[in-house]
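Accompanying notes for the structure given below.
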Amino acid sequence: MKRFFPLLLLALGLFIPSIVRSQDELIGLRLIEVHTESDAAGIRAQIQSGASFEALAKAHSVHASASAGGYLGLLQLSDLKPELQRALNGLAPGRISAVTPLDGEFALFQRLSMDEVNWVVSNDAGIQAFDQRRYDAAAQSFQQAVQYAEKLTPVDYRLEESLHGLAESYRLQKKYNEAEPVYRRYIAAHWGGSSAPEVLDRCAALIAVTYFRDSSFDETLRKFQEAVNRSPMGEDLYQAISATFFKAQLIPEAEALMVRAAELFPASKDVHFHLAQLYLVSSKPMKALEVFEQLSRMKAPAGIDPAVDRLQQSVVYQKIGSIRAELADFEQAASAYKKALEFTPDSSEARLGLGDVYLREGKPDDALAEYGPVAAAAPQSIPAQFRVADANLRLGNYPEAATAAARALAIDPKHQRARYIRATALLRMDRKEEGDKELELYRNLEAENRAETDRGRNVVVLNRGAAGKFLEGKPEEAIDMFRKIIETYPDVSSQYLNLGMTQSKLGRHQAAVDTFQKMLSLGMDDGFLVYWNLSQEYRILGDMDASRRHEVVYLQNLDVALRDALDWNLE
Amino acid sequence: MRVAMLPGFIAAFIIVGVMTSVSSAWQQGTTVVFSNVAAQAGINFKHENGASPQKFMPETMGAGALIFDYDNDGWPDIFLVNGGSFVDSKVAAVARHRLYHNNRNATFTDVTAASGIGVSGFAMGACSADYDNDGFPDLYVTGVTSNKLYHNNGRGGFVDVTAKAGAGGAGVWSSSCAFGDIDNDGNVDLFVTNYVDFTVENNKYCTAGGGVRTYCHPNVYHPLPSILYHNNGDGTFSDITKEAGVYRTDGNGLGVVFGDYDNDGWTDIYVANDSVPNFLFHNKGKGIFEEVGFRAGVAVGAEGRPLAGMGTDMGDINGDGLLDIFVTNLDKETHSLFRNMGKGLFANVTFESGVGQATLPFVGFGAAFFDYDNDGDLDLAIADGDIIDNVKLFRDNTTYEQRNLLLQNDGSGRFHDVGPTSGPGFALKKVSRTLAVGDLDNDGDLDILIGNNGQTADLLRNDGGNRSNALLIRTVGVKSNRDGIGARLKLTVNGKVLLRHIKAGSSYQGQNDLRAHFGLGTAKMAERLEILWPSGTVDSVENVEANQILTISEGRGVTAKEPFRKN
């Protein structure tokens, strides 16, 4: 749960510490601090035109409170330095101060409104009670906080935070009937749409039948698409669902969703980046290239930090360079990497990427000229070190190759490629015993990595085969096969989920419940799907308490899963 | 009319206004063109792959092809291997292999009916050698469930002697085969690569693109040990895989080639394995092997990862007298070129040689080193075609049907893709698998036979290669095996030594014309031809005139000569 702790105002030199006497004397303050008076004036003008104080604090304030939107906490006016008291004297709730000189910088203060102050007080009380495991008290405080947050405009993270706190407080009191609607409301608030919970339910339903592509899959997909089409959703939700689909091997569905998102948010670089990445990892480099190139021509969003924009542009050109290299278009690839370096001359990734292009052109000396400086500047960089080793190996500089590979291995002894290079170099230096030893280590590593890849592949293939039997009208064979897969790979969740789904489709709902519960008892928690399944099965069995209990956990875990999905780069 | 070339091989063909230097003999573009003459030659074979919704792996992995002179008339004939069907027994019953007799006039006659070669299950590849040294090449055909050894009766027919010979395989999926004399006893032995333990009963359900059914990755099955058969000299073979030291349970064998890479007089074996490390079996003497692939640097790609090794060949790409190794892989992996450094070590020169760049977008199968333009160095022809027939459903930068590659060697081991300017034959886009080279019209330049999966075979006639001079050498062993398989031939031309070796089985599921071909460029004579026979005998012939086919018998010298047939 997020917390917003009052900042250490001592460090600010803004006040003389004292004990807060009563809420009536408390005011809430936010601060933006900048270097020049003109900057401060400009920001003040933006706020007066409707811009968010918090957003501008995050973007421009040089004060430690910037990341918290400038929030300083609740304090008494009388605790502030006299000059600040004068500046804030008469400042009404919700208003902004004049530009105020402050220790060589220039400050703007915003006094929180009463509702904001009330929200802070009640939400903090909820947090405190929660931490002390007084969940009933916490729920009461959060309930109050929710009411205050609902009065704030625009509705923002404060409502989300309090809703989340409330939902958790209910859950931990096992008040699932109360928790469930609050969770759904929280999800709607966080993911930017009142219908987000419904869309996500349909998303879960679709993922549950990934392996069972029959008419019921088509129907489930249709319902999901209907829900998406009639629901305004935020960018983040499109990306999170798409990434979740990709992980579940619903590739065309993931792509379709992001294509729609790109249509709805044509100016969103994030959406286009995600779409391009999706195409790239699902073996559609031409489409990925098209979108990355489109991205390279898109304008930067208003207000973005120029340094951030340059970095983003550099990343886009690096992606273009990488794809061009894969397509054997080395001239264009090099050109793209050079363009990336124009945006970010110090980018080691771009320089290494350019070196990789040279390597593929059969120019290891040119590659080394790029790799070398990066490796020298970053001795702990494995990507740089093993590349230096590789280029030297190709040039026949075996001692240098062996040394550079050893540096990479000192950082990561399990680096397969570095191990191979070192073994190869040593053998060519006639250091047979050492070379053979390295070779043995490499071979073990290679075999281990290959076995791991094969294992993942085999699990998918076996699940497909078993599900295929079900689709052929041989359910008992399917069940047998799923059970055998579980025996062979008892630590992988997909076969339990698929077995349970098969049992459910056959109307054996108690058996399905047993399968899903077994999965949990073995400590296998795939994220949210098992809880969704249990919720469905218990509902069918008429056990509404159990159904609601698992539904709450599903919602809780779903949010976490979606946040995680946003962090994947689909790589 | 021959193109006038100055000493030092200055290229006379200016395609884009670039004059190459004296030190570099490679041409940008070429006047040698290849045309597909299969239909007019009477090669009307269509490979039956039995493609089905169940996506049985063998459906996408055939079709073998080989060039061999089965009737010993000096004109290479053609054998094309057929597949069949796992779901339709009627289709399976009529999926016959085809034997085509060379009519000596650029046409071939289908003589299958009289050949005695029947339908043999779902077959894969083939190789040929005179295993009983009776003067007529015999035939070995590999398959998914059974292999066949056919003895050539010398009268245009073959007899199935599999059971009697004891060389029927292990009832598992065999892919390529090759003959070589591992112990120099004068009888060729047989190496058969076995792939994975696929059966119809254990067929797996594999998908791509989020649920579309496709052909499986080999690693969803278990690898199978390949087999080395020792020729007992009495018409029978013995499985000596374990005793010989080549028994491995970790290889998905697809391609194989024999070659003496360390010039110690004992032939070695290179096996291309699919998605697991390749094997290099070093012959320590008398047919006892040690696997040295990793140490030699030929087991995996430059990034230290195993690649999808399919086809393979050995040849000396840079004239240093050492056999180099080439392996075909998947697209994005590049095909691998390993340059022999001597002392048992190889350098991966895939990108440095230009091969990597040229092969990056292609899935390669059969391949052959051959001198298509008769300039003296070995070029490369590669058969390409994806494995996944429905690949377009989930990838946007590749196709099932792909063009084959012709990579021209500049003489120093650097290669350049000249396919787009080498005639309509290299503009074809098909699902190519096997590639075999040979001088089918005896006109002095090498033609190409291509087996395509589920499609008609192609016969690419070389037009223009013989504008430069050449030699074809047919070896006849006396103490060595009858075909001279394993013999190393060194031809000295203008002071430069060209190396070839006689190999029976290479590429992917196929075999080239056994005769050794040398391009001489503008030289009208070679100073010296030296043949190092497997028996240890060394023969040499001085002042060999160009543009003829020589038959050289071990210990006896030239026993026949015939000029090239000019068209």
Since B:Met341 meets every condition but one in (1) in a strand (DSSP E or B); (2) surrounded by 24 or more Cβ atoms within 10 Å (Cβ to Cβ), which condition does it not meet? (2)
Segment B:245-261, residues that are part of a loop (DSSP other than H, G, I, E, B) and in contact (Cβ under 8 Å) with a residue 24 or more places away in the chain: B:Gly245, B:Val246, B:Arg248, B:Thr249, B:Asp250, B:Gly251, B:Asn252, B:Asp260, B:Tyr261
Return the only residue of A:Tyr420, A:Tyr398 being within 12 Å of another protein chain (Cβ to nearest Cβ), of a type outside the set (Lys, Arg) and either touching a Lys or Arg at 6+ places or on another chain (Cβ under 6 Å) or touching a residue at least 60 places away in the same chain (Cβ under 8 Å) (or both). A:Tyr398
Check on A:Ser67, free of Cβ contacts under 8 Å to residues at least 60 places away in the same chain and surrounded by 14 or more Cβ atoms within 10 Å (Cβ to Cβ): no
Scanning segment A:28-38 residue by residue, the ones that are assigned to a helix (DSSP H, G or I) and either under 33 Å from the mean Cα position of the chain (by Cα) or over 13 Å from A:Leu102 (Cβ atoms) (or both) total 1
Can you tell me which residue in segment A:401-417 is farthest from A:Ala447 (Cα to Cα), limited to those that are away from chain B (no Cβ under 11 Å) and charged (D, E, K, R)? A:Arg407
Total residues in segment B:169-189, condition closer than 30 Å to B:Tyr221 by Cβ, out of contact with any Asp or Glu (no Cβ under 9 Å at 6 or more places or on another chain) and not hydroxyl-bearing (Ser, Thr, Tyr): 4
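Would you pick out the residues in segment A:330-345 that are outside any helix (DSSP H, G or I) and surrounded by fewer than 19 Cβ atoms within 10 Å (Cβ to Cβ)? Before you say what the answer is, go through the steps one by one.
Initially, segment A:330-345 is screened for residues outside any helix (DSSP H, G or I), giving A:344-345.
Hit for segment A:330-345 is A:Pro345, nothing else.
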In segment B:66-105, residues that are of a type in the set (Val, Ile, Thr) and either more than 18 Å from the chain's Cα centre (by Cα) or part of a loop (DSSP other than H, G, I, E, B) (or both) total 4
In segment B:351-387, the residues that are away from chain A (no Cβ under 11 Å) and part of a loop (DSSP other than H, G, I, E, B): B:Val363, B:Asp371, B:Tyr372, B:Asp373, B:Asn374, B:Asp375, B:Gly376, B:Asp377, B:Leu378, B:Asp386, B:Ile387
Pairs needed: first member in segment B:64-93, free of Cβ contacts under 8 Å to residues at least 60 places away in the same chain and surrounded by fewer than 19 Cβ atoms within 10 Å (Cβ to Cβ); second member anywhere, assigned to a loop (DSSP other than H, G, I, E, B) and among the acidic types (Asp, Glu); C-beta distance under 7 Å; at least 6 residues apart or different chains. B:Val91/B:Glu48
Checked segment A:437-454 for anything within 10 Å of another protein chain (Cβ to nearest Cβ) and more than 14 Å from A:Tyr420 (Cα to Cα); matches are A:Arg450, A:Ala451, A:Thr453, A:Asp454
Give me the pairs, please: first residue somewhere in segment A:292-303 and without any contact (Cβ under 8 Å) to a residue 60 or more places away in the chain, second residue anywhere and surrounded by fewer than 16 Cβ atoms within 10 Å (Cβ to Cβ), beta-carbon distance under 6 Å, and either six or more positions apart or on two chains. A:Ala300/A:Asp309
Looking at segment A:275-297, which of its residues are within 14 Å of another protein chain (Cβ to nearest Cβ) and acidic (Asp, Glu)? A:Glu290
In segment B:193-219, anything touching a residue at least 60 places away in the same chain (Cβ under 8 Å), away from chain A (no Cβ under 13 Å) and in a strand (DSSP E or B) is listed as B:Thr193
Which condition from (1) among the small types (Gly, Ala, Ser); (2) over 26 Å from A:Asp564 (Cβ atoms); (3) surrounded by 15 or more Cβ atoms within 10 Å (Cβ to Cβ) is the one that A:Gly507 breaks? (3)
Candidate set: segment B:273-283, residues that are more than 14 Å from chain A (Cβ to nearest Cβ) and over 19 Å from B:Ser535 (Cβ atoms); chosen: the one farthest from the chain's Cα centre (by Cα): B:His282
Could you identify the single residue in B:Gly304, B:Gly319, B:Gly315, B:Gly356 that is closer than 24 Å to A:Ala325 by Cα, in contact with a strand residue (DSSP E or B) (Cβ under 9 Å, 6 or more places away or on another chain) and either surrounded by fewer than 23 Cβ atoms within 10 Å (Cβ to Cβ) or of a type outside the set (S, T, N, Q) (or both)? B:Gly356
Checking A:Glu551 against (1) surrounded by fewer than 20 Cβ atoms within 10 Å (Cβ to Cβ); (2) closer than 16 Å to A:Ala196 by Cα; (3) out of contact with any Phe, Trp or Tyr (no Cβ under 7 Å at 6 or more places or on another chain), only one condition comes out false. Which one? (1)
A:His272 fails exactly one of (1) modelled with pLDDT of 95 or more; (2) more than 19 Å from the chain's Cα centre (by Cα); (3) more than 14 Å from chain B (Cβ to nearest Cβ), namely (2)
If you scan segment B:408-449, which residues turn out to be free of Cβ contacts under 8 Å to residues at least 40 places away in the same chain and in a helix (DSSP H, G or I)? B:Gly419, B:Pro420
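The values are calculated or read from the model by the stated rules, or taken from the named source; none is laboratory data. Worth saying up front: this structure is predicted, and the values here are computed from it rather than measured. Please note: Cβ atoms are built from the backbone with ideal geometry, for glycine as well, and neighbour counts cover all protein chains shown.
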